[in-house]
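Please treat every number below as a calculation from the coordinates, not as lab data. Everything numeric in this text was worked out from a predicted model, so none of it was measured. Cβ coordinates were reconstructed from backbone atoms using ideal geometry, including for glycine residues, and neighbour counts include every protein chain displayed.
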There are 2 protein chains.
Amino acid sequence: MDRIPILRMGPFLLVTIQVDMHDKLALTLQDDLTSRISDVGARGVLIDISSLEIVDSFIGRTLANIASMSRVLDAETVVVGMQPAVAITLVELGMSLPGIRTALNVELGMEYLRQNTIVEGSGDGWDGSED
Amino acid sequence: MDRIPILRMGPFLLVTIQVDMHDKLALTLQDDLTSRISDVGARGVLIDISSLEIVDSFIGRTLANIASMSRVLDAETVVVGMQPAVAITLVELGMSLPGIRTALNVELGMEYLRQNTIVEGSGDGWDGSED
C-alpha cells in the first residue's frame, strides 16, 4: 500500500482514506491530489474518513494541508463520514479542524459541492460526461 | 482495519478496495454490502480495485461472489480500475472473471450503471436526491 487511490467523479475527486496515514503516504496523497486537480481541472475534493476510528493531530494537519492546497488550486475540499466518536475526541483534544468543511456522508458532501462550485458546461456535478 | 467502507452515491454503492483482503475482511464486506443493498434499495455496485497490484484467486472468487449476491438482490456489479498488469496476470492464470462486468474507471462504470439500470423516480444515476 503505497498510495491512496483518487477517483474522478465528473468535476469532483473522491478519496477514501482507509488506512493509517504515515508521513510518506500523506505526502504522496498531497502530491497525487494536487497533480490530479490540476490535470482534470477538478472543482472539488471529497475526502471520506468513515473508516477511520482515530484522527490524530497528524491526520488533522494533513487534511488541513490538503484543503489549503486545493483551495489555491480553486477546488473546494469537503471531509465526509466522520464517526461521532472521532468528532468528540477531536473537540476534546482542542482540534476543531478550522478551515475544513465537513458533511455527514458522501452524498451530502457531493450535494454541497454541486451547489457551491461553478462547473463549466453543466449545472450538474455528476452527469457522467467527459469534460 | 476491520471493514471496508461502502459509500452511497444516489442509487449506487461504491466500494474502494485498498488493502489485501483476508478471509474475514471479505466475509465482512459481503455481509455489509448485501445488507446495504437491501437497506437502501441500491441498483448497482461499483467496486474500485485501482490500488490492487495483485488480484489472486481468492480476490477473484470474492468479487465473483459479491457480483452473484448483488445480482440476486437485483443490483448490478461493475469492477472498475483494474491495472493493466493485473489484467495480464489474471488471463495468464486462466482467470477471466466470468460473470463480472468491468469498466476502465469509476466514471465509465457509473455511466454503464446509469444506462443499464432502472432507477425509480429519475433517469439520472446521480442526482443527489434522497430516494
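Can you tell which of B:Ser50, B:Gly99, B:Ile66 lies farthest toward the positive end of the dipole of chain B, using +1 and -1 charges on the Cβ of basic and acidic side chains (Lys, Arg; Asp, Glu)?
Going by the charge dipole, the pick is B:Gly99.
Treating only the Cβ of Lys, Arg, Asp and Glu as charged (+1, +1, -1, -1), what charge dipole size does region B:6-116 show about its Cα centre? Round to the nearest 20 debye. Please list the in-between numbers first.
Numbers: 8 positive and 13 negative charges, 62 e Å.
For this selection, approximately 300 debye.
For the protein assembly as shown, just list the percent of Cα-Cα distances falling in each 10 Å bin from zero outward, please.
Per 10 Å bin, starting at zero, the Cα-Cα P(r) for the protein assembly as shown comes out as 7, 31, 37, 22, 4, 0 percent.
Between B:Leu73 and A:Met95, what is the label-point separation in nm under the 7 Å Cα-to-beta-carbon projection?
Using points 7 Å along Cα→Cβ, the separation is 3.3 nm.
Of the candidates B:Asn116, B:Asn65, B:Asn105, which one comes out as most mobile in a Gaussian network treatment of chain B with C-alpha springs shorter than 10 Å?
B:Asn116
List the residue ranges in chain B for DSSP H helices whose C-alpha atoms run 24 angstrom or more along the long axis and whose Kyte-Doolittle average is -1.0 or above. Could the numbers behind the result be given before it?
Working: long enough: B:23-40 (26 Å, -0.18).
Both cut-offs are met by B:23-40.
Take B:Asp2 and B:Asn65, extend 7 Å from each Cα along the Cα→Cβ direction, and tell me the distance between the two endpoints in nm.
According to this spin-label approximation, the distance is 1.9 nm.
Return the inverse of the average 1/r over all pairs of distinct C-alpha atoms in region A:1-98, which is the Kirkwood hydrodynamic radius, in Å to one decimal. Before the final figure, lay out the partial values.
Values: mean 1/r = 0.0735 Å⁻¹.
Computed over Cα pairs of region A:1-98, the Kirkwood hydrodynamic radius comes out at 13.6 Å.
Could you check the spin-label model distance between B:Asp56 and B:Asn116? Points 7 Å from the Cα along Cα→Cβ, value in nm.
So the label points at B:Asp56 and B:Asn116 sit 3.0 nm apart.
Among A:Ile66, A:Ile17, A:Ile88, whose mean-square fluctuation peaks in a Gaussian network model of chain A (Cα, cutoff 10 Å)?
Of A:Ile66, A:Ile17, A:Ile88, the Gaussian network model singles out A:Ile88 as fluctuating most.
For region B:40-126, which GluC sites (Glu not before Pro) are in a loop by DSSP, counting at most 16 other Cβ atoms within 10 Å? Can you show the working numbers first?
Working: sites: B:Glu53, B:Glu76, B:Glu92, B:Glu107, B:Glu111, B:Glu120; in loops: B:Glu53, B:Glu120.
Here the sparse-neighbourhood loop sites are B:Glu53, B:Glu120.
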